[in-house]
Structures are given as structure tokens and as C-alpha cells.
1. Along the positive direction of the dipole of the chain (beta-carbon charges: Lys, Arg +1; Asp, Glu -1; about the Cα centre), which of N58, N163, F236 reaches farthest?
2. How high is the relative contact order of segment 164-252? Use alpha-carbon pairs under 8 Å, at least six apart in sequence, and give a whole percent.
3. Taking the convex hull of the alpha carbon atoms in the chain, what volume per residue do you get, in Å³?
4. What's the local net charge at I75, with K and R +1, D and E -1, over the other residues with C-beta under 15 Å away?
5. Students often forget the sequence filter, so: which lysines lie under 17 Å Cα-Cα from K178 once same-chain residues fewer than 8 apart are removed?
6. Using only the alpha-carbon atoms of segment 38-167, report the extent along each of the three principal axes, biggest first, to the nearest angstrom.
7. Under a point spin-label approximation (7 Å from Cα along Cα-to-Cβ), what is the W130-S46 distance to one decimal in nm?
8. Where nothing but the Cβ of Lys and Arg (+1) and of Asp and Glu (-1) is charged, how large is the charge dipole of segment 156-270 around its Cα centre, in debye to the nearest 20?
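Bear in mind these aren't lab numbers, they're just calculated from the coordinates by the rules spelled out. Worth saying up front: this structure is predicted, and the values here are computed from it rather than measured. Cβ atoms come from the backbone with ideal geometry, glycine included; neighbour counts cover every protein chain shown.
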Amino acid sequence: MSQQGHLAGIDQQRSRQRFHRVLLGASVPLLVLLSWQLLGHLGVISSLLFPTPLRIMNAAIRLIQTGELYDNIKISVARALSGFLLGGSLGLAFGILVSLFRRTEKALDPTVQMLRMVPHLAIAPLFILWFGIGETAKVLLIAKGAFFPLYINAFLGIRGVDNKLFDVTRVLGFSKWKQVIRLTIPGALPHILLGVRISLGVSWLGLVVAELMGSTAGIGYMMSDARQFSKTPVVFVGILIFAVFGIVADSAVRMLERKWLSWQDSYKGH
């Protein structure tokens, strides 16, 4: 067999493997949806509490046609990304700073760990008093949640880098900045990317809390408004939106992991 044919066979095998992974991952949700639709059609479950997937789909189509869904998604995504970028970047910066210097760790880490234990719902009323019910309070609440996963994982990743590598960089005459760029961050990258995945998830959770505290737009507001008028299908549309955007964001980071961490020979499971 020629080399070109061999490569084509490898590509086909990889395509089949990707198709099987997608099929396997979709099998459970499809089974749940089919069972749900059947039970709702037969009247086994309440149509008010658990509207069938077809009713939920029809509600989503109506929201798309009126433009309401797009407008609310646009506002929610902007809030989530703003909070994630603010909190995540600060978490990464503080994580690197605290992990590199013992004095900084002793000075800052106890305070950070104490703040980490304060729940979103407990601090939300305080943010409203400080910043009102505008965008600032919502973005800061999301940023508060996005900060800690990146802070902790950056800290653990850098502290997990082999100390002998730092000795080598000192022998080679690396400056502190070059040491951070060429050794510290690449060595801690697996932990940092894990922190990004967790921070994105927490940002979506924080968005729900943020949009329930006096919002007039956004997916959380749309769900709260629908709940008041017993529009259960719209509530399920909102839940589905959060789930879809959450898995898309997580998949994007996992793609970066596969690209940037391809050098890792780690266990993939059987």
C-alpha cells in the first residue's frame, strides 16, 4: 500500500472514531427525549410541570421568530464573557504572583481562601447595595465566581513544576520574566486550562444568580418572567440555552487542550 493510501486509511479510521464518539455521546440524551415525549403524550407525566420536548421546541421557535431569544442571549453572553474575562484574568495573575513568591502567598492567600468560601447568594445583596442593580453588580458577581478556579489551578500548576527545571533556568541566566514565560506558564498549562474550564462553568452559574437580582433582560430574566406566568416550556428553553452554551464553551477549551497539550502521553481510558 502506498503512503498516500495509508494516510487516507488513517483519516478514515479517525473519522469513524469521531462519529462513534458523537453517536455514543448523543445516545443517552436521545433516549431520554424519546421517553419523555412518549410519557408526556400518554399523560403519564404532568404537561404543566414537564412539557414535552415538542412543546419546548415550539416555544423556542416562537422566541426565535419574535427575536426575543436572540436579544436575551446576546445580553447574557456579553455579561458572562465580561465577568469571566475580568475574574479569570485576575485569578490567573494572582495565582501566578502568589505561587512565585512566598511572602505574597503568606500575605494574600489566607484572604483569598476566606473570600472563596462566601457563597454567591450571600454576597449578591451586598453587591446590590454597593453597585445597584445595573450591569456593574452583575459582571462583578460573575467575576467573583470566575476568579477562584483559575487562581487555585494556576497556583497548583506552578507549584507542581519540577524545581530542578528552575535550577536549569537560573544556570542559563534566564530573567524572572523569561522564566515565567518559557517555563512557569508552559509547565502549569494543564492546570491553567482546567481552571479555564471550571471558571467558564462557574461564570454561567454566576450569570443565573446575577440575572435573577433585578434584571430586565437576559436568559435568567426570561426564565424568571416565564415562571411567573407559568410558561414552563420557556423555562426549559432557558435551561437548554445554558446547557448548550456551557458545553460549547467547555468543548472549545478541550480543543485547545488537545492542541496545546498534544505532547502529553496521558491515560485516555479503555
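1. Value computed over the given set: N163.
2. Working: 38 pairs, mean separation 19.8, N = 89.
Result for segment 164-252 is 22 percent.
3. On the way: hull volume 55.9 nm³, N = 270.
Roughly 207 Å³ of hull volume per residue.
4. Values: positive: K74, R79, K138; negative: E68, D71, E135, E211, D225.
In short, -2.
5. K178 reaches K164.
6. Largest to smallest, the principal-axis extents are 68, 38, 26 Å.
7. Calculated label separation equals 4.0 nm.
8. On the way: 13 positive and 7 negative charges, 84 e Å.
Using Cβ point charges on Lys, Arg, Asp and Glu, segment 156-270 gives about 400 debye.
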